[in-house]
Every structure is written in structure tokens, then in C-alpha cells.
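Down below is the structure, laid out as C-alpha cells.
The values are calculated or read from the model by the stated rules, or taken from the named source; none is laboratory data. Every value quoted in this text rests on a predicted model; they were computed, and no experiment measured them. Note that we place each Cβ from the backbone using ideal geometry, even for glycine, and neighbour counts take in every protein chain shown.
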Amino acid sequence: METRLHGFGSFQTCKYVCSLFLAATGFLLPYSRAQAQVNGVGQKPYLGWSTFSEQTINSSFLTQANIQAQSDALAASGLQQHGFQYINIDSGWMSTFDANGRPIPAAPNFPDIKALIDHIHANGQKAGIYWIPGIEQPAVDGNFPILGTLYTTQQIVAIPLAQGNTFAAAPPNPFHDKIDFTKPGAQEYINSVVNLFASWGIDFIKLDAVAPGSDVDSLAIDDRPDVEAWSKAIAQSGRPIWLTVSWDIDQDFLGTWQQFSNARRIDQDIECEGGCATLTDWPHVVLREYEAVGWEHSVGTTMGWNDLDTLDVGDGTLDGLTQDEKQSAITLWAMVNAPMYLGGDLTKLDSFAKSALSNDEVIAIDQSEHPATQVRGGFTPVWVSDTNDGYEYVALFNLNAFPTKVAVRWSDLGFATAASVRDVWNRINLGGFSNSFSTVLAGHGSRVLKVRRVGSVSEPGGTVYEGESGSFTGTATVSNCSACSGGAEAGFLGGAPGTDTVTFNNVEAPRAGTYFMEVDYLTEDPRAYEYNINGGPSATLNLGGGSFNLPSSTTVPVTLNKGHNTITFGNAGTFAPGLDRIIIRGNGDAIPSTSTTYEAEAATLTGTASVGGCPYCSGGAIVGSFGGGAGNSVTFNSVTVPESGMYQLEVDYATQGPRTFFATVNNGTPIELDLNGSTFSDPQPVVIPVQLHAGVNTISFGNPNANGFAPGLDSITVAPIVGTPNLSATVTRKAGPVDLRLWQVTLANGGNSAAGQTLLNSFTIVPNTGNHGCRVSVLLPVPLPVGPIAPSATRSVEVPISFAPGCGKSDTFSVQAVFSAGNGSDVGTLALTDETE
């Protein structure tokens with residue numbers, strides 16, 4: 001019998017794995033040395049702004065005048081009163097080196113950096129700056145004397161020349177040379193640089209391109225001595241300066257990062273950096289949710305903070321995120337206590353960001369010093385933070401693009417009942433909830449609750465199935481893993497459909513029902529499992545992490561038969577994480593998932609359709625090079641639903657420019673989906689209503705036109721249509737000429753309080769009978785603000801719809817609209833079939 005310590009996984013798992021983890025990382029240190037706050041700062045995550053996001057879309061942005069304007073804009077925004085105070089200057093501010101080999105600000109962009117920092121300080125803010133490990137070749141070639149020593153810059157360089165950071169070229173001419181810190185003068189050189197920064201008034205240093213990490217996963221480049229040297233330099237400077245190490249830092253060396261820095265960037269850049277048409281997009285954001293799981297036990301006041309990168313949530317549509325997605329991003333950053341620093345242009349800060357980031361209850365979560373852990377994973381993850389004062393912060397997420405019901409039982413979180421529940425985003429008390437809480441979340445939406453917990457519930461015992469005990473196919477094999485349970489893992493999983501798998505053939509369940517499956521895995525990249533139970537449809541589990549040597553853990557619901565079950569793990573398109581073990585817990589009454597994702601790489605491919613890797617795609621792969629003829633297609637042959645009816649179908653695709661799918665459901669009339677996008681790397685969703693019958697269905701994608709290539713296809717997800725208890729909608733009028741109709745949609749508030757911040761989130765109409773020439777376009781930018789709706793009142797909006805000449809009066813259509821109120825606290829769906837013009 002295992003006993004769960006709430007928020008920390010099973011006690012035995014943590015006791016065993018964490019002890020090995022500490023030994024592996026060299027983090028067995030006295031408490032006083034284990035504190036990350038070696039520089040007199042970092043007791044809480046910092047709040048502020050960084051130049052880098054704006055630099056990715058405006059190459060001339062990094063100037064003293066622009067940064068001064070951003071400082072003034074932050075001061076005027078109102079956010080400073082809520083804790084946002086850092087103004088951080090990123091890469092590109094320097095040009096050459098002074099007579100002591102120290103960096104000189106670039107002229108004419110930075111005529112007086114000291115005056116700039118004085119201005120930032122005068123605004124009541126703190127100033128940050130960017131640098132990298134090692135020493136650049138011009139500073140070496142100058143053979144400059146190092147301040148306070150008899151040594152020169154040439155005397156501290158490692159010989160033969162080696163790479164000093166991950167920006168360095170391969171020897172013999174790395175340009176970014178490695179410093180040998182066993183040589184006299186080496187530490188003094190870093191001291192001199194930090195002292196220069198301190199003399200300017202710098203309060204923050206971002207040390208970038210640090211390895212192991214920054215796309216270098218071995219000790220081929222080792223900047224651990226640099227990080228220690230920079231930390232010591234800050235200490236001797238006498239100025240409290242925050243130190244962040246970046247990027248995608250290797251968790252295997254966590255002891256160094258925790259001892260000598262205040263935070264570490266645990267992931268790749270969040271910005272598209274020209275790879276898409278906006279600052280960022282949802283695939284870049286949601287990857288942080290996966291990555292944070294792998295680092296959730298390595299964060300806190302004494303361990304330092306996990307940096308998820310910039311919050312690009314203040315520049316309207318330029319951010320590349322919907323308001324629901326922005327709220328989910330802020331929620332995740334807050335729950336895991338990540339530093340919150342905005343990107344974009346603060347002089348154009350929109351009303352959403354000002355309102356969201358001035359919500360002191362949300363900011364208080366980020367500053368609570370009680371980072372959350374994930375208690376349920378998958379596509380509706382749940383994160384919980386125990387504040388140790390009788391309250392829990394509970395964050396519910398919906399990673400699907402369509403409205404999804406998300407429910408949580410308090411007993412699954414370790415307590416018996418909730419005496420009170422508060423909606424943090426809306427700042428309203430919802431009352432007590434005895435056993436559970438249920439809500440409908442908008443696509444990519446979230447909700448945060450502050451729960452007054454009562455009582456304690458012990459987790460039921462679980463049955464452990466070691467990865468090395470499974471049955472292997474293909475190249476999958478047992479690999480040594482000193483930090484894993486049992487000392488081994490199932491490795492080399494995935495790569496092709498049905499091959500390179502591990503199967504647990506003896507998974508026992510006392511009764512048929514839904515159980516919890518804990519999956520202990522290893523990865524330091526975005527990777528995914530595609531697993532199936534008893535040969536049924538595969539489910540996807542997207543993951544991230546910081547180490548191939550230290551296991552992380554996530555838990556998902558699985559439905560099992562009574563008696564013997566088989567569970568198979570693999571990946572049809574690319575490599576899966578290493579698998580330490582699975583643990584099956586519960587008594588069969590867990591809340592099941594309501595949606596099923598089908599990966600395109602696991603579907604039936606014909607003709608030219610082929611699989612390619614895609615880090616930001618579900619499952620880590622995408623199918624492209626199809627369409628252009630009827631023989632090139634992707635077919636999902638086993639789309640299974642429990643009963644006949646209309647379902648939500650999410651299609652995740654990628655394209656650069658306009659392309660068209662023809663989607664065929666059960667050999668019916670093809671549905672034409674005219675799509676557009678700015679990148680083949682980052683999938684985006686379209687959600688349509690489809691009619692499915694009970695049991696197995698077939699859905700096929702292609703483009704029969706000879707010159708009509710289809711977008712890349714990542715995956716499809718199927719779920720029931722969901723309703724709402726308070727908001728409802730109906731089409732109340734249709735008017736206008738045959739080619740441009742105005743449909744009036746009326747929203748009704750059946751609740752006992754006003755529905756504020758009401759939005760029409762989406763409106764989709766697709767032909768379900770007729771010929772291929774019937775093309776329909778909704779001429780409405782969404783989300784569309786509807787306005788407040790009083791109790792028992794209604795409000796209407798008109799939706800313009802263009803019908804192509806090929807549409808006839810006999811054609812019918814399926815319609816789906818999504819609407820919401822109160823920061824997504826009330827979400828509903830309008831679903832209609834057989835509608836006419």
C-alpha cells in the first residue's frame with residue numbers, strides 16, 4: 001500500500017527516485033548551500049518585461065530611446081502597482097570591448113546606458129541585461145589587462161581553443177572561447193564584467209546559451225564553471241543581482257543551477273522568430289505545460305524558479321493567441337510560480353492584459369511560493385497548489401480546441417470536501433461543493449479555483465508494472481537507468497506504426513471501469529506516447545521534460561475490463577519517451593476522458609502521403625505531401641463513439657498559405673475545408689460538427705483536385721457536443737439575399753446573475769448534403785464581444801454568411817457556435833443540423 005503526499009506523487013516514488021536524483025545531480029548539499037538565493041534576490045519569481053519578443057519582429061527595436069519609452073509605458077500602465085518592475089535588455093546591446101576586455105554598449109543605439117538605467121530606476125523599476133558564458137575572440141585578440149590583476153585576457157582562455165557557449169563555432173575557431181577557471185585571472189575577469197554592470201545599476205543578468213542545455217545535451221560544452229563564476233562575481237560586487245541561466249537547461253545538472261542561479265529557462269524560445277506570422281502561437285505555449293511537469297518538484301524559494309519564457313499576452317492579435325489562450329498561459333505561469341515577464345510593445349498594451357495582469361488574486365498565486373504540481377495529465381490537465389493554510393489553488397485546463405466538460409473529484413486531490421470555492425479570475429465566491437466540481441471550458445481555456453479543503457483522503461494502493469517487465473517488439477529494448485524504479489527502463493520506443501513497442505500483458509482490474517494510470521517517463525525533448533488498451537483506439541500522451549536519466553510522472557484516466565488487460569506503448573511517427581513504469585490505481589470509478597485523439601501518422605496513408613517529424617505537433621509527427629489527386633489521402637478507420645449523434649471534430653492542420661481539405665465521414669458527401677496559415681511547423685485547429693453513428697466510423701482527408709494540395713494533417717479529436725446550464729443560444733432570424741445572408745443568433749441568460757464579458761467565440765457552418773460546389777464562408781471576426789446579459793434576458797448578434805453560387809435551396813448544413821461569459825466560467829455550444837439557407 002502506497003501513501004500519497006498531496007501534490008508530490010506517491011511517497012515511495014519520491015523517496016526512491018528523489019534520493020537517486022539528488023545523488024545523480026550532486027545536490028546533496030547542506031541546507032544553507034542549497035538555497036538558490038545566493039545573490040540576495042529571488043525569494044519570489046520576478047515580474048516585468050523583456051525586449052526580446054519585440055526584437056523578433058522588429059530588428060531595429062533595440063535602442064535606448066525605445067527601451068526608455070517601454071519603461072515609461074510600464075510606469076503608466078498600472079501594472080507596476082501590481083508588482084511588474086523589471087525592464088530587461090536582451091541580446092544585441094553591445095558592440096565591442098573596452099581596454100580591459102569588457103563589453104561596450106553599441107553606438108549610436110545606446111549613447112549612455114548608465115543614463116538609461118538611471119531613468120528606469122527613477123521610474124521605480126529594476127534594470128536587466130544580457131550576456132553569455134565564455135569570452136569573445138575580439139576580447140581575446142586584444143590581450144587586454146584584466147582589472148586588478150597582472151593577467152591578460154589571452155592568459156585565461158582554455159588551450160586548445162574550445163567552445164565557450166552554444167553559440168560558438170566548432171574549434172579551431174569557436175569565436176566564443178571557453179574560459180579556463182583554473183587559471184589565475186579568470187574569476188577576476190568575470191568579476192570585472194559584473195562590477196561594470198553593477199556600476200551601471202544593473203539588477204538582473206540573463207546568462208544565455210548555457211550548456212549542458214541550449215540544444216547541447218552532453219558535456220561537449222560545459223558552462224557549469226561559468227555559472228558558478230558569475231554567481232561568485234555577483235556576490236563580490238556587493239549588489240543584489242538576479243541571475244537567470246538560459247535556455248532549455250539540462251536537468252541532470254540541477255544541483256549547479258539551483259546553487260548558483262535564481263532561475264533557469266527550462267524550454268525553447270516561446271517566440272516564433274519568423275516561423276509564423278505572429279509573436280507566438282498556441283503550440284509554443286502549450287509545450288510549456290508539458291515541460292513544466294518534468295520540473296515540478298525542482299522549484300521553490302530554496303531551489304530557484306522554473307522560467308517558462310515570455311508571456312506574450314498584451315499585443316492583441318499580434319500575440320497569435322486568443323483571449324482564452326492568453327488566460328490559460330497566465331494561469332499556467334502563475335500556478336507553477338514562473339517569472340512573469342511580458343514581451344511585445346508596452347506602448348500598445350491592450351485592455352485584456354491590463355485587466356488580467358492587475359488581478360491581484362492571480363498574481364498572488366504566482367507569488368505564493370507554493371508552486372503547483374500536476375495531478376492529472378492528458379488533454380484536460382489539473383494542477384494543484386497546496387498553500388499550507390487550509391486552501392488549495394486548483395487550475396483546470398482544456399487543451400482541446402472545442403468546449404470540453406472538465407470535472408475533478410476532491411478525493412482525487414487528497415481531501416474529502418470543499419467548504420468553499422472561489423473563482424479566482426472572476427473574483428466571485430461560488431459556495432461549497434461537497435464531492436466534486438464540474439465546468440465546461442472553452443477551447444484552450446482554463447479556470448482557477450481557490451478551495452477551502454476539509455478532511456483528508458488517502459490514496460488507494462496501486463499495482464506497479466515495470467517497463468523492463470513488458471513484452472517488446474522491434475528495436476524497443478531494456479536500458480539501464482540508475483534513477484528508475486528497478487534500475488531499468490523500456491527504451492527506444494516508437495518510430496513506426498505497430499513496431500518498437502512495449503506491452504504490459506497482465507494488467508489486472510478487479511472490476512470494469514475507469515482507473516488512474518501513473519506513467520513514469522524520461523525525456524528532455526517534446527515527445528509523446530501513443531498507447532492503446534486491449535487493442536482499442538490509440539490515445540495520445542504528449543510530454544516534455546528535462547532529462548533522459550531522471551524520471552518524471554503524469555497521470556491519466558484509463559478504462560479497463562474486469563480481469564486481464566493489455567496496455568501497449570509506442571509512437572507511430574517518431575521516438576517516444578523512455579518508460580520507467582506504470583502504476584494502476586483506484587477502484588474503477590475515476591472520471592473518464594470525454595475526447596479521443598487520433599494521430600494522422602497512425603492512420604492509413606495512401607499514395608504520396610508521408611510522415612514527418614514535428615516537435616510542436618501532437619504525437620511529435622505530421623502527415624504531409626498528400627492531396628493533388630484522389631489517390632493521396634489519410635484515412636482514420638476506427639473513429640469510435642458510444643452512440644449516434646452530432647460530435648465536435650477538431651482537425652489540427654498546418655499550412656503556409658491557402659490549402660483545402662475535403663473531409664469525408666462514412667463515405668458521405670465531402671466537407672470542403674478552405675484553410676490558411678503561416679507555417680508548416682505549428683499546427684492550428686478548425687472545429688466542425690459531424691454526424692457519427694454508434695460504433696466504428698471512418699473519416700478520410702484528401703484533395704481530389706490535381707493542383708489542390710492539402711494542408712499537413714497533425715491529428716483529429718472527437719468529442720460530444722456539450723451544453724451549458726445558464727447560457728443558451730438559438731438562431732432566431734435569417735434574412736438577406738441568397739448569396740449573403742444575415743443569421744441572427746440570440747443568447748439567453750438563464751442564470752440568476754448577469755453574464756458579463758459575453759463572447760461569441762466561434763461560428764462554424766458546413767454543408768452536409770448537396771454538391772461540392774457549395775462553399776460557405778462566415779464573414780465574422782471572432783471572438784465577437786456580445787455585451788452583458790442580465791438575468792432572464794437575451795442579447796442578439798447578426799452573423800453574415802456568404803453562400804457560393806453552387807449552393808442550392810435544397811442544400812442543408814450543420815452549424816456549431818460557441819459562446820462564453822465571465823472569463824470562460826460559463827461556456828455553451830449551439831449545435832444544429834439540417835439547417836437551410
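Looking only at the stretch 567-575, decide whether some residue is β-branched (Val, Ile, Thr), assigned by TED's automatic domain parsing to the domain that holds Ala490 and assigned to a strand (DSSP E or B). Yes - at least one qualifying residue is present in the stretch 567-575. Exactly one residue out of Asp269, Asp312 is within 14 Å of the chain's Cα centre (by Cα), surrounded by fewer than 24 Cβ atoms within 10 Å (Cβ to Cβ) and in contact (Cβ under 8 Å) with a residue 40 or more places away in the chain: that is Asp269. When the stretch 335-352 is filtered for residues that are buried (at least 23 other Cβ atoms within 10 Å of the Cβ) and in contact (Cβ under 8 Å) with a residue 60 or more places away in the chain, the ones remaining, listed by number, are Met335, Asn337, Ala338, Pro339, Met340, Tyr341, Leu342, Gly343, Gly344, Leu346, Leu349.
Look at (1) surrounded by fewer than 23 Cβ atoms within 10 Å (Cβ to Cβ); (2) touching a residue at least 12 places away in the same chain (Cβ under 8 Å) and you find that Asp248 fails only one, number (1).
With respect to (1) assigned to a loop (DSSP other than H, G, I, E, B); (2) within 29 Å of Ile582 (Cβ to Cβ); (3) over 19 Å from the mean Cα position of the chain (by Cα), the lone exception for Asn400 is condition (3). The set of residues from the stretch 362-407 being among the acidic types (Asp, Glu) and in contact with an Asp or Glu (Cβ under 8 Å, 6 or more places away or on another chain) comprises Asp386, Glu392. Of the residues screened, Ile221 is one that is of a type in the set (A, V, I, L, M), over 25 Å from Val519 (Cβ atoms), outside any helix (DSSP H, G or I) and outside the structural domain of Leu399 (by TED's automatic domain parsing). All of Asn752, Asn761 fail the test of being of a type in the set (S, T, N, Q) and surrounded by 16 or more Cβ atoms within 10 Å (Cβ to Cβ), apart from Asn761. One residue stands out among those in the stretch 488-535 that are under 20 Å from Phe575 (Cα atoms), small (Gly, Ala, Ser) and assigned to a loop (DSSP other than H, G, I, E, B): the one that is modelled with the highest pLDDT, which is Gly495. Among the residues making up the stretch 249-264, those that are in contact with a strand residue (DSSP E or B) (Cβ under 8 Å, 6 or more places away or on another chain) and not hydrophobic (A, V, I, L, M, F, W, C) are Asp250, Gln251, Asp252, Gln258, Ser261, Asn262, Arg264.
Within the stretch 166-182, residues that are of a type in the set (Lys, Arg) have Cβ atoms under 6 Å from residues that are in a loop (DSSP other than H, G, I, E, B) and modelled with pLDDT of 95 or more in these pairs: Lys178/Gly134; Lys178/Ala158; Lys178/Ala162; Lys178/Gly164, counting only partners at least 6 apart in sequence or on another chain.
Among residues of the stretch 649-669 that are over 20 Å from Ala401 (Cβ atoms) and in a strand (DSSP E or B), those with a Cβ under 9 angstrom from a residue that is β-branched (Val, Ile, Thr) and modelled with pLDDT of 95 or more, sequence gap 6+ or separate chain, pair up as Thr664/Thr635; Thr664/Thr698; Thr664/Ile699. Among the residues of the stretch 403-418, the ones that are of a type in the set (Ser, Thr, Tyr) and under 25 Å from the mean Cα position of the chain (by Cα) come to 1 in all. Please work out which residue is surrounded by the fewest Cβ atoms within 10 Å (Cβ to Cβ), limiting yourself to the stretch 106-120 and to residues that are of a type in the set (Gly, Ala, Ser) and in contact with a Ser or Thr (Cβ under 8 Å, 6 or more places away or on another chain). Per the stated criteria, the residue is Ala107. Annotation for the stretch 345-357: no member residue is among the hydroxyl-bearing types (Ser, Thr, Tyr), touching a Ser or Thr at 6+ places or on another chain (Cβ under 6 Å) and modelled with pLDDT of 95 or more.
Residues of the stretch 625-637 that are of a type outside the set (A, V, I, L, M) and either assigned to a helix (DSSP H, G or I) or in contact with a helix residue (DSSP H, G or I) (Cβ under 9 Å, 6 or more places away or on another chain) (or both): Phe636 alone.
Report yes if Gln85 is polar (S, T, N, Q), in contact with a Leu (Cβ under 6 Å, 6 or more places away or on another chain) and at pLDDT 95 or above, otherwise no. Answer is no for this residue. Only residues that are outside any helix (DSSP H, G or I), more than 24 Å from Ala209 (Cα to Cα) and out of contact with any strand residue (DSSP E or B) (no Cβ under 9 Å at 6 or more places or on another chain) were counted in the stretch 85-123, giving 1.
If you filter the stretch 315-343 down to residues that are of a type in the set (Ser, Thr, Tyr) and either more than 15 Å from the chain's Cα centre (by Cα) or at pLDDT 95 or above (or both), you find that the one that is nearest to Phe379 (Cα to Cα) is Ser328.
Of the residues making up the stretch 760-811, those that are of a type in the set (Lys, Arg) and under 18 Å from Thr833 (Cα atoms) are Arg775, Lys809. The criterion of being touching a residue at least 60 places away in the same chain (Cβ under 8 Å), among the polar types (S, T, N, Q) and buried (at least 22 other Cβ atoms within 10 Å of the Cβ) holds for Asn88. Of the residues examined, Ala211 is not one that is in contact with a Phe, Trp or Tyr (Cβ under 7 Å, 6 or more places away or on another chain) and either assigned by TED's automatic domain parsing to the domain that holds Gln43 or of a type in the set (A, V, I, L, M, F, W, C) (or both).
Among the residues of the stretch 476-487, just one is among the hydroxyl-bearing types (Ser, Thr, Tyr) and in a helix (DSSP H, G or I), namely Ser485. Quickly run through the stretch 752-784 and pick out the residues that are modelled with pLDDT of 85 or more, closer than 17 Å to Leu830 by Cα and of a type outside the set (A, V, I, L, M). Answer for the stretch 752-784, where residues must be modelled with pLDDT of 85 or more, closer than 17 Å to Leu830 by Cα and of a type outside the set (A, V, I, L, M): Thr758, Asn761, Ser762, Phe763, Thr764, Pro783. Scanning the stretch 93-105 for residues that are buried (at least 17 other Cβ atoms within 10 Å of the Cβ) and either of a type in the set (Ser, Thr, Tyr) or over 28 Å from Leu150 (Cα atoms) (or both) returns a single hit, Trp93.
On the given criteria, is Thr331 of a type outside the set (A, V, I, L, M) and surrounded by fewer than 23 Cβ atoms within 10 Å (Cβ to Cβ)? Taking the combined requirement at face value, the residue does not satisfy it.
Taken together, the residues in the stretch 536-571 that are in contact with an Asp or Glu (Cβ under 6 Å, 6 or more places away or on another chain) and either under 22 Å from Gly695 (Cβ atoms) or among the hydrophobic types (A, V, I, L, M, F, W, C) (or both) amount to 3. Filtered by the rule that a residue be more than 22 Å from Asp423 (Cβ to Cβ), of a type in the set (Ser, Thr, Tyr) and not in a strand (DSSP E or B), the stretch 434-468 gives Ser456, Ser458.
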